[in-house]
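Everything below concerns the one structure shown next.
The values are calculated or read from the model by the stated rules, or taken from the named source; none is laboratory data. Note that the coordinates shown come from a computational prediction; the quantities given were computed from them, not determined experimentally. Backbone-built Cβ (ideal geometry, glycine too); neighbour counts: all protein chains shown. When the accessible area is computed, the model is the full protein with side chains, heavy atoms only, and any ligands, DNA or RNA have been set aside. Shrake-Rupley method; radii C 1.70, N 1.55, O 1.52, S 1.80 Å.
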Amino acid sequence: MTLYLDYKSPSIQYFDDVNRNRLFTKDGQNYINVLSTQTLNSLDNVSLLDIFLSQGNVVEPHYHQNAAELVYCVSGAANVSFINPFTNEVSTYHIMPGQVTNIPQGWWHWEIATVDNTHLIAIFNAPIPEVILGSDILRLTPSDVMAHTYCLNEGQWRETVSPIQTSTFIGPPVNCHQGHIQGQMQQQPQVYGYQLPYPQPQHQMMQPQMMQPPYGQTQGMHPSAQGYPQQYW
């Protein structure tokens, strides 16, 4: 892709502070910053998410309909998982600093931090990565459609998904005490790549300290994230 920009124009941007581009804040240890052509217009078909997670927190299942994703571990450790649509197999890769997992465009995937202070960078081959979130699919698909399609009890389905009121981005929610993710991680799923033993999360998560998001952003869903598909601004 070749950009035809007027590099003499004073409007061309060559620098941006990603710390100021908050996409989503769960708490002081779990948040996502974004860089795209929305804030740095000289980018050439590339963008990224700057992801910070504490142990047991998950970048929720989702897929990118317009970009592949390369997940690079800066610090900490994480399990990066995806479903291969050609084999219908779930693969999980445990990555540590300096290691990457590549996720092809359109593949359903998620990331779980296995230690505190995990820092991931997700790099996309698109100027603005678009996303369809699992939370949006669950909360926006009519309950009667789900019940009829999969032969479910509609009332039970509606009750099950009723806590999902907004786009999740990072789960589990702050007020969740069920510990589902912890139990799944303790089962030691088969992982590939560079494998080392890693600390397991506690049975009950500590309640995080809420942080006032910087630069005037509000907690929770980014103002532009309404329904799906979404763009990371």
**Request:** Of the numbered conditions (1) modelled with pLDDT of 95 or more; (2) of a type in the set (D, E, K, R); (3) over 26 Å from GLY171 (Cα atoms), ASP6 fails exactly one; give the number of that condition.
**Result:** (1)
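Would a scan of region 105-118 turn up a residue that is on the phi > 0 side of the Ramachandran plot and either assigned to a strand (DSSP E or B) or surrounded by fewer than 16 Cβ atoms within 10 Å (Cβ to Cβ) (or both)?
Step one: of region 105-118, the residues on the phi > 0 side of the Ramachandran plot are 106, 117.
Now narrow it down to the ones that are either assigned to a strand (DSSP E or B) or surrounded by fewer than 16 Cβ atoms within 10 Å (Cβ to Cβ) (or both): 106, 117.
Among the residues of region 105-118, at least one is on the phi > 0 side of the Ramachandran plot and either assigned to a strand (DSSP E or B) or surrounded by fewer than 16 Cβ atoms within 10 Å (Cβ to Cβ) (or both), which makes the answer yes.
Quick check on my filter: what residues within region 7-21 are assigned to a loop (DSSP other than H, G, I, E, B) and either in contact with a Lys or Arg (Cβ under 8 Å, 6 or more places away or on another chain) or not β-branched (Val, Ile, Thr) (or both)?
Here is the first cut: in region 7-21, the residues assigned to a loop (DSSP other than H, G, I, E, B) are 7-17, 21.
Passing the criteria: TYR7, LYS8, SER9, PRO10, SER11, GLN13, TYR14, PHE15, ASP16, ASP17, ASN21.
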**Prompt:** Since ILE123 meets every condition but one in (1) part of a helix (DSSP H, G or I); (2) modelled with pLDDT of 95 or more; (3) within 19 Å of the chain's Cα centre (by Cα), which condition does it not meet?
**Reply:** (1)
**Fill in**
(1) open to solvent by 40 Å² or more (accessible area, probe 1.4 Å); (2) farther than 24 Å from ASN117 by Cα all hold for MET96 apart from (2)
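Report whether or not ALA78 is open to solvent by less than 20 Å² (accessible area, probe 1.4 Å), under 17 Å from PHE124 (Cα atoms), among the small types (Gly, Ala, Ser) and under 15 Å from the mean Cα position of the chain (by Cα). Let's see the steps before the verdict.
Numbers: open to solvent by less than 20 Å² (accessible area, probe 1.4 Å): yes; under 17 Å from PHE124 (Cα atoms): no; among the small types (Gly, Ala, Ser): yes; under 15 Å from the mean Cα position of the chain (by Cα): yes.
No.
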